[in-house]
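Below: the structure, in structure tokens.
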Amino acid sequence: MFTYKSILLSIFLSIFIYLEYLNISIKILNTIFALSGFILLFQLSKKELFVSGFLIGILWFWWISYSFIHYNLSYLIPIVIIIIAFIYGLLFYFIAFKNNIYYKISYIFLLSFIEPFQFNWFKIELPLINSYLGTSKIEFFILLIITALLVNFKKRYLKLTILSYIIVIVSLIIYNIKSNIIIEKPNLNIYTYQTSIKQNIKWSQKYKSTIINDNLNVIKKAINNDYDLVILPETSFPLLLNHQKDLVKELLNYSKDISIVLGSLYEKNGQYYNSTYLFQNNTIQIAHKVVLVPFGEAVPFPEKIKNLINDIFYNGASDYLTASKPTTFNIKGIKFRNAICYEATTDIIYNNLDTNYVIAISNNAWFTPSIQPILQKLLIKYYSKKYNILILNITNK
């Protein structure tokens, strides 16, 4: 059954994204909305939860289909949106599959680990990111327990359950405040170049020289202003940089005066990598991407199905290749873990982390104008808090 509660739940668990998009960050509001949403999770029926999940799938991820415009597949946009919404509708439907408090707690907690088609941008605890509450798994699990007890026993023990709920929520708020760690900024003078290049011109030969010259001028400006490090976004040089000998030579020359981190592609034996290049002291270090974007850079299906999809929709293009493990750059004596766009919002990139600093370069032009850059920002904040690290996110768009 469709009720107003279904709409309310979808709003409560999505509004934090749109408030951030409007540059509105009021912690008490985000806290109230998130807590209200989690209370409703334990109250709605299967059909109501399906509707809520369907709407949440749209409100969080309507932008995903934008990238199809650049493959001349615009006709797939409504189909993709409906499929995504249906998947999340099903995931929410099973919250009430059993009318059992322990089942619901366990399933909702499990939902925070589920990644449909290796896409992990739905974090059910993420509405707490700009609230007074924490987003760690243990804090979220405690929140689910106390919320379930409130919903299930308030009729029999109204005062006791409400008092217990308030005490636990206040305790979680105090714990979150005390557990926040401030990471000192790296002792480097860093110039970050945030660009705004549309995807439909980024790879056009017509604009290639302009983009390259703009990038080089930024590097020269950073040198003239005595910066130690300049960072440019993902694929800021939209070409196969390892095949551009003259350009590489020029960048190496600049690297005698400044360390340069930039994004570009890398080709070897007909295989392609999405990569980060570090030019420093007349040397090059290249870090290949470890985690690819599902359906954007890799099709998460068995080989035969993958090849069929690539043939039909991507003109027979192959998936990008990946590195076996993340790369840590040593820049003027300070370590920085490298991350490229999507992988900055995955746990894999933080494996065996040996530094407090991460450089995350992104190209969000595939999905703009939309809420995608905002959702990415919130997720990066989530991982920053999870691992107690400082993430420098340099983006296009």
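Miscellaneous remarks
- Complete set of residues in segment 99-135 that are loosely packed, with under 15 Cβ neighbours inside 10 Å and without any contact (Cβ under 8 Å) to a residue 24 or more places away in the chain: 99, 100, 102, 103, 106, 110, 113, 114, 115
- Enumeration of residues in segment 221-267 that are among the β-branched types (Val, Ile, Thr), in a strand (DSSP E or B) and closer than 13 Å to residue 286 by Cα: 260, 261
- Among (1) surrounded by fewer than 22 Cβ atoms within 10 Å (Cβ to Cβ); (2) at pLDDT below 95; (3) in contact with a helix residue (DSSP H, G or I) (Cβ under 8 Å, 6 or more places away or on another chain), the one test that residue 96 misses: (2)
- Residue match in segment 198-215 (condition: surrounded by 18 or more Cβ atoms within 10 Å (Cβ to Cβ), β-branched (Val, Ile, Thr), modelled with pLDDT of 95 or more and closer than 26 Å to residue 287 by Cβ): yes
- Among the criteria (1) closer than 21 Å to residue 126 by Cα; (2) part of a helix (DSSP H, G or I); (3) not hydrophobic (A, V, I, L, M, F, W, C), the one residue 65 does not fulfil is (1).
- Qualifying positions in segment 224-266 - of a type in the set (Asp, Glu), surrounded by fewer than 22 Cβ atoms within 10 Å (Cβ to Cβ) and either in contact with a helix residue (DSSP H, G or I) (Cβ under 8 Å, 6 or more places away or on another chain) or touching a residue at least 12 places away in the same chain (Cβ under 8 Å) (or both): 226, 228, 250, 257
- Near pairs, Cβ below 8 angstrom, 6+ apart or cross-chain, from segment 323-335 (in the same structural domain as residue 278 (by TED's automatic domain parsing)) to any residue that is loosely packed, with under 15 Cβ neighbours inside 10 Å and outside any strand (DSSP E or B): 325/351; 325/352; 326/348; 326/351; 326/352; 328/354; 334/187; 335/354
- Evaluation of residue 233 against the conditions (1) at pLDDT 95 or above; (2) more than 22 Å from residue 335 (Cβ to Cβ); (3) not acidic (Asp, Glu) shows that the sole unmet condition is (2).
- Among the residues here, residue 84 qualifies as among the hydrophobic types (A, V, I, L, M, F, W, C), assigned to a helix (DSSP H, G or I) and free of Cβ contacts under 8 Å to residues at least 40 places away in the same chain.
- If the condition is being of a type in the set (Val, Ile, Thr) and in contact with a Lys or Arg (Cβ under 7 Å, 6 or more places away or on another chain), then segment 358-397 contributes 358, 368.
The values are calculated or read from the model by the stated rules, or taken from the named source; none is laboratory data. Here the structure is a predicted model, which is why all the values come from computation and not from measurement. Reconstructed Cβ throughout: ideal geometry from the backbone, glycine too, with neighbour counts over all protein chains shown.
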